[in-house]
Each structure stands twice: as structure tokens, then as C-alpha cells.
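The values are calculated or read from the model by the stated rules, or taken from the named source; none is laboratory data. All figures in this text were calculated on a predicted structure; none of them were measured in a lab. Every residue, glycine among them, receives a Cβ derived from its backbone with ideal geometry; neighbour counts consider all protein chains shown.
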């Protein structure tokens, strides 16, 4: 245990400080993080309480709508600050965890941007949290390298992708860092260490400290980030507005506050991103109490469905009206090397998805695997000859209530089984420290598992019927979990499978819906 006292703030590390971590966890760096936590912890708690208050109103029958009190912002004539030079062209962005080898491959992939993900693609073990910061430091310096046991050397190419970093959301805590006796806000640990160690380096190298901000549910949460980042700039002696951000619109409430989120961050925001898997999760979660919002099989909820099409159109039009970039959603497919027919079908699905996005006016898109960069780039090169499409306007977006249009379709045993298997397999891997998991030729992160377990909960909670007439109840879910866990035997350690199955069963069958799978899973992780 290491204790660092700075002023009246006590910082206690509950995790080991391994060789090579001394710089990352220096007294100065920890003191900076502690100062951020001490200054902003009360407001973080207030914003999280605000989420709970809004949820109570939704549970009581209120429907989301545009905020009357911010009408002047929506109708105002204002734009955000223009993007820095290395973020003017973001046609293909690749995302992934901060694993050293995977980071080098992503930076060398030919993508415009690499988003190093400390959030949904990273299981927050202490090793992952600190090693991720070590790897970010080396990537920022251009010195990141890795030598594999088989003798292969991994080094950066001359012009790697632009580095962006996604910290954890406001809801997560970091139990290995205690500030004044309480776990630190994980977002402030992640962003604070990155900015302390790497902001000036990146600016000196002609880029900058660029963040992807996740899970925002309101413009007040965006305002909080603005306050945090302005404070950090002052303390670190950085030029005002040098920390630039992109916000993921991956919650349903945020879709009703896009203008306001852009406005709060207007001196530093570059764009909005369609975080569509978490968005579907949020659609279920925020309407948890309403049987009218019970969804069909996950496979039936595609991006051409009216509620998702309305969402992506609103991102494009809102961004372009304000001079910000609109980044499309994730292609999670993985190339299938041993089946050319299946591989071509997967690539065709990626092309169709990216052709829809570029035609709609997006300025870039996301992929999860280096093997998809060329596919997405070819589509955007053909459909977007310039660096972006900020000139594209979509006009009237219609009534915002279109965001709430519930898709119809079958609910099947196959859909239930897929949800059960994906949730268990992902959670088992997550508990082993892996937050980015290949399942069924797709690179899955926490968002996919969130959809899976919330959809099962929703079906059980509202007594949904499958297309064969059976009601989805606790007995059916337990039977399906038994069979799917048996089918996974040998692929993952049995103790982890059983641990994951127990957690997934509890989350799917308990009376109240857990806000985040990662909160419940972190509690299990930190008991070990």
C-alpha cells in the first residue's frame, strides 16, 4: 500500500506499484488526480443523482422530449470551434483496448484515428488501468513498441493514426485509488493521468490531448466535463481549449440534448459519435417500466429501423448545423479467415452499413478490427472525396418523438439463447481481465453484453411471449443458461463460466434493472 499526502488530500493506493509504474503513479500525478476528484466529486454525485431523478419520472410515465428551458440554445445562431488540423479528416476510426500489441496494430492500421478505450473495451483490473496509461504515454511519445515471444517486432509506422482516449464514464469508481478514504471517480483517474503525462507531449508533437467522452445523459454532464477540462488546463499550464473532445451520443436522453451538449463544450468539441450499441441498451433501460417498449430479437433491431434512422439523421443534421463532425457507428465484424463465403457476406454487410452512413452525410465511421479499415475507407473515399461532409444538411428532422418509435418483430428462442450465451461468454472473459472479446466473428465489448442482459430482463419483467407462444419466465431463462453454459464448456475456465452465469442470471431475474453490468461485475472482480 502506498500513501501519498498532498495538502489536505490523502491518496491511498490499494493496488501494487510494479516496476515501470513509478512515473505513472508519481506523487505529482496522483496529487493532480486527487485535486480533480476533490474539486468535482460533489458535482459528479449530483449529476448521477439527476439520472436517478429522471429515471423515476420515466418510470412514472413521463416521456423524453426536448427541454423547454434550453429552447434558446437550440434556436440560437452559433457554431462550435473548428477542428484541429489532424482531426479534419476522420473518415475511418478504429477502436480497441489499451493492450500494447493491439494498440500498435490499431495505430498502424491505416485508420485516420485510433480511439484507445479505457471504458467498454477494457476490464478495469488494476494491471489494465495502469498498464493502459503506460502504453498511452509511450504512444504519445511515439516510442511504443512490443516484441512477441515468437521474435516478431512491433513498431510504429511513420504516420500512425491520431490518438484519442476514452476514459470511463461518470458512474464508475476506481477502488484501487482512494481519495480522502473513498474510491476515486474513475473518469477523473483515467483522464487525469492521461492529461498529466501526455497532454504537453502531444501538443509539442503537433497533435493534442483528444478525448472521447462516454455515457453522457445530459448537457449538465457535458458542462461538468467542460469545467473539469478547463480546470485541468489551468493547473497543467496548457493553452485554454487545447483539450479537444468528441462526445458519444450513446444514451437516449442525450439524443434529446445534442444541441445543448455541443453548446456546453463549444470551445473544445469536435464532433458527436453514434454509439449505437449502447444507445439500444439505453433505449431498453430508460423505458424499463413500460411494456410498450419491449423490443424484438436483437438481430431485428438494425440501423434502418425508424427510431435508429431518426437518431443518426439527427446526429448528422445537428452536428453540421453547428460545424461539428458526425461520426458513424461501429462495424464489429471480424474477418473470417477459414470461410471465404462467410467472410464475403460479413464484408458485404460492413460495406452496406458504411454506404448508408456516407450517403446520410456522416464524416467518418468506426471499425473494431484492422482488417476492416480498408473496406470502410474504400466506401468513404468513394462517397466522400473531401475531408468531411460538413456541408451536407438534411433539413427538417420531424418530430423528436420519432426517436421513441418502438420497432416490431419476432421474439424467438434463438434470440433468447444468443443473448444468454453472449452475456455469459463476455462476462466470463471480462472477469479474466479481457474487455474486448471475439464472439461469433464479432468483436464484442461491454455494450453488447449490456443489450443482451437488459433484453432478457425486459422480456422476463414484462412477461413477453416468444413466437412459439411460450412466456419468457425465470424457469425458461435458467434452463437456457444451463444449456448455453454447457455449450461453452472447454472454451473458458469452468469456474469463470459458473461465476459469469451466476452474475448474468441474477441481473436478468432480479426485480429491479441494474444500471450497468460493469458496476455489478466490478464488485465481483474486486472481491478477488
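A few comments on the model shown:
- The single condition among (1) surrounded by fewer than 23 Cβ atoms within 10 Å (Cβ to Cβ); (2) under 18 Å from the mean Cα position of the chain (by Cα); (3) not in a helix (DSSP H, G or I) that residue 435 does not satisfy is (1).
- Members of the range 137-153 found to be assigned to a strand (DSSP E or B) and closer than 21 Å to residue 21 by Cβ, listed by number: 145, 146, 147
- When 352, 331, 326 are screened for being in the same structural domain as residue 311 (by TED's automatic domain parsing) and surrounded by fewer than 24 Cβ atoms within 10 Å (Cβ to Cβ), only 352 passes.
- Residues of the range 515-525 satisfying the condition of being surrounded by 13 or more Cβ atoms within 10 Å (Cβ to Cβ) and without any contact (Cβ under 8 Å) to a residue 40 or more places away in the chain: 520
- Of all residues in the range 271-302, those that are more than 18 Å from the chain's Cα centre (by Cα) and part of a loop (DSSP other than H, G, I, E, B) total 10.
- Count of the range 376-402 residues, restricted to those that are in contact (Cβ under 8 Å) with a residue 40 or more places away in the chain and either in a loop (DSSP other than H, G, I, E, B) or surrounded by fewer than 21 Cβ atoms within 10 Å (Cβ to Cβ) (or both), is 17.
- For the range 6-56, residues that are under 20 Å from residue 289 (Cβ atoms) and surrounded by 12 or more Cβ atoms within 10 Å (Cβ to Cβ) total 5.
- Residue check for residue 261: over 23 Å from residue 79 (Cβ atoms), modelled with pLDDT of 95 or more, within 19 Å of the chain's Cα centre (by Cα) and assigned to a helix (DSSP H, G or I): no
Every residue, every condition in (1) under 22 Å from the mean Cα position of the chain (by Cα); (2) under 23 Å from residue 307 (Cβ atoms), yes or no:
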site: 371; (1), (2): yes, no
site: 376; (1), (2): yes, no
site: 396; (1), (2): no, yes
site: 399; (1), (2): no, yes
site: 417; (1), (2): no, no
site: 426; (1), (2): yes, no
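- Residue check: residue 295 meets all listed conditions (1) at pLDDT below 95; (2) buried (at least 23 other Cβ atoms within 10 Å of the Cβ); (3) farther than 17 Å from residue 249 by Cβ but one, namely (1).
Okay, residues lined up against (1) part of a loop (DSSP other than H, G, I, E, B); (2) in contact with a helix residue (DSSP H, G or I) (Cβ under 6 Å, 6 or more places away or on another chain):
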| position | (1), (2) |
| --- | --- |
| 18 | yes, no |
| 33 | no, yes |
| 38 | no, no |
| 51 | no, no |
| 62 | yes, no |
| 103 | no, yes |
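- Meets criteria (closer than 25 Å to residue 219 by Cα, free of Cβ contacts under 8 Å to residues at least 24 places away in the same chain and either surrounded by fewer than 24 Cβ atoms within 10 Å (Cβ to Cβ) or touching a strand residue (DSSP E or B) at 6+ places or on another chain (Cβ under 8 Å) (or both)) for residue 82: no
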